[in-house]
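**Student:** I have a structure here, written as structure tokens, and I will follow up with some questions on it.
The values are calculated or read from the model by the stated rules, or taken from the named source; none is laboratory data. Since this is a predicted model, take the numbers as computed values, not measurements. FYI the Cβ positions are ideal-geometry reconstructions off the backbone, even for glycines, and counts take in every protein chain you see.
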Amino acid sequence: MNTLAKILFGCFLTTIVGLFFLSERPTVLVDKILYRMDIFTEKTMDGFKQDKAVVNQEWKVFILDVCCDFPIDFRVEEVHSVDLDHFPENGNHEIDHWDPFLLKTNNDGTFTILYETAYFDESKQWNITINEATINNNGSVLHSEVKYDPKHKISYPIPVKMADGTQLIGLEEFESKTGFPGFYRYDEGLCRESSCLEQGGTYPVNVAMFDPTVLYKDGVYFLFGTDGDGYLRLFYGEDLLSNNSFTEHPDSPITNDPIVNRSAGKIFQIKGKLYRPTMYNTEAYGRGVNLQEIIQLDTKVFTEKNVANKIFKGTKFEDFNDGLYHHIDILSERNETGEVRLLVDGAKEVYWQLHGKRLPIKMKQE
């Protein structure tokens, strides 16, 4: 950025009422509600003009009732919003929720889910935590609470049931000191204090990765993840609770294609076929979910094929997002008529005009 552009950009920020910096990203106060802003434009910062627009993405969790032959031929019949905003630590400003996973189905028919939450606390400090909630079939929240609040950013709390029945939670910990994905015994409870949980974690793969996704197949745990260079990596091993014990697959690194290189939820099986959800990141981050059918996966060979892109395009779910969704999980299994209930995230974009006309906004998401 040249000197003049820096001056213009600085003037732009300092003239906005209620605008100040927090966590390297500007915030704005609108009707007493504090929001973080994304102001990355389609132009370079050298071409950034004063007095235009800012944008915010509001990410939420939804339940989709889907019929009748998911995942190939289906329609979304009902969309239920899940209001996860209410827990003691929330300061009632901007709040976002991503990456919802089903932890368990309870005896009374309710569901326990895990998800990532980002919010301003009561002291107006931006925080990111792993939360747990109990919800019913229509998305009503019966209870929610913070489960893990470390010093570094965590994400993607994927439940993994080991062969012996031990319940693990895998976490993306790319911003920790090592960036290695960690796995934790959930039966013992996740700790609120950073040191407690970190001492209990294991790191079977010593590579920093996003979206660690595990599949147990033929007595082997396969671990997919995306490295810092954007390449999909694949590792395998026999024990998720043994540090640095996994071996990289001979076909790894697999690809850096932005349609398939980032996982978008647990791998699931329907009608004997394995499907790997992936993010559609070609235009920008989190612009849809794709499906890859796994053709062969063993310790020697991995092959898959693309079967669908932006799977909710043209469905009722589009009324609840602006083409922004990047995660799915199976909430209730597919029945004999092909109906299934899905747990997803999605977002709307909110624009605030700052006196001038709107600029096209290109989002950059963490």
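**Student:** Can you tell me which of Ile72, Ile130, Ile113 is surrounded by fewer than 19 Cβ atoms within 10 Å (Cβ to Cβ), among the aliphatic types (A, V, I, L, M) and touching a residue at least 40 places away in the same chain (Cβ under 8 Å)?
**Tutor:** Ile72
**Student:** Next question. Kindly indicate the residue of the stretch 273-312 that is in a strand (DSSP E or B) and basic (Lys, Arg) and also nearest to the chain's Cα centre (by Cα) among those meeting that condition.
**Tutor:** Arg287
**Student:** Tell me yes or no: at least one residue of the stretch 333-342 is surrounded by fewer than 17 Cβ atoms within 10 Å (Cβ to Cβ), modelled with pLDDT of 65 or more and assigned to a helix (DSSP H, G or I).
**Tutor:** Checked the stretch 333-342: no residue is surrounded by fewer than 17 Cβ atoms within 10 Å (Cβ to Cβ), modelled with pLDDT of 65 or more and assigned to a helix (DSSP H, G or I).
**Student:** Contact list please: Cβ distance under 9 Å, first residue in the stretch 203-224 and at positive phi and surrounded by fewer than 24 Cβ atoms within 10 Å (Cβ to Cβ), second residue hydroxyl-bearing (Ser, Thr, Tyr) and assigned to a loop (DSSP other than H, G, I, E, B), pairs at least six apart or on different chains.
**Tutor:** Asp218/Thr299
**Student:** Please report, ordered by residue number, the strands (runs of 3 or more DSSP E) entirely within the stretch 19-112 with at least 3 residues that are under 24 Å from the mean Cα position of the chain (by Cα) and either at pLDDT 85 or above or over 14 Å from Leu342 (Cα atoms) (or both).
**Tutor:** Per the criteria, 25-30, 33-36, 53-69, 73-82, 95-105.
**Student:** Touching a Ser or Thr at 6+ places or on another chain (Cβ under 7 Å) and closer than 30 Å to Asp164 by Cα - does that describe any residue in the stretch 279-293?
**Tutor:** So far as the stretch 279-293 goes, yes, one or more of its residues are touching a Ser or Thr at 6+ places or on another chain (Cβ under 7 Å) and closer than 30 Å to Asp164 by Cα.
**Student:** Need the failing condition index for Tyr148 against (1) closer than 21 Å to Asp85 by Cα; (2) of a type in the set (Phe, Trp, Tyr); (3) at pLDDT 90 or above, just the number.
**Tutor:** Every condition holds for Tyr148 apart from (3).
**Student:** Something else now. Does Ser81 satisfy the condition of being surrounded by fewer than 18 Cβ atoms within 10 Å (Cβ to Cβ) and either closer than 17 Å to Lys348 by Cβ or touching a helix residue (DSSP H, G or I) at 6+ places or on another chain (Cβ under 6 Å) (or both)? Break it down into steps so the answer makes sense when it comes.
**Tutor:** On the way: surrounded by fewer than 18 Cβ atoms within 10 Å (Cβ to Cβ): yes; either closer than 17 Å to Lys348 by Cβ or touching a helix residue (DSSP H, G or I) at 6+ places or on another chain (Cβ under 6 Å) (or both): yes.
Yes: the conditions hold for Ser81.
**Student:** Can you find, within the stretch 282-311, the residue that is surrounded by the fewest Cβ atoms within 10 Å (Cβ to Cβ) among those that are at pLDDT below 95 and closer than 17 Å to Tyr156 by Cα?
**Tutor:** Looking at the filtered set, the residue picked out is Tyr285.
**Student:** State whether the residues of the stretch 141-149 include one that is part of a loop (DSSP other than H, G, I, E, B), farther than 23 Å from Thr278 by Cβ and among the acidic types (Asp, Glu).
**Tutor:** yes
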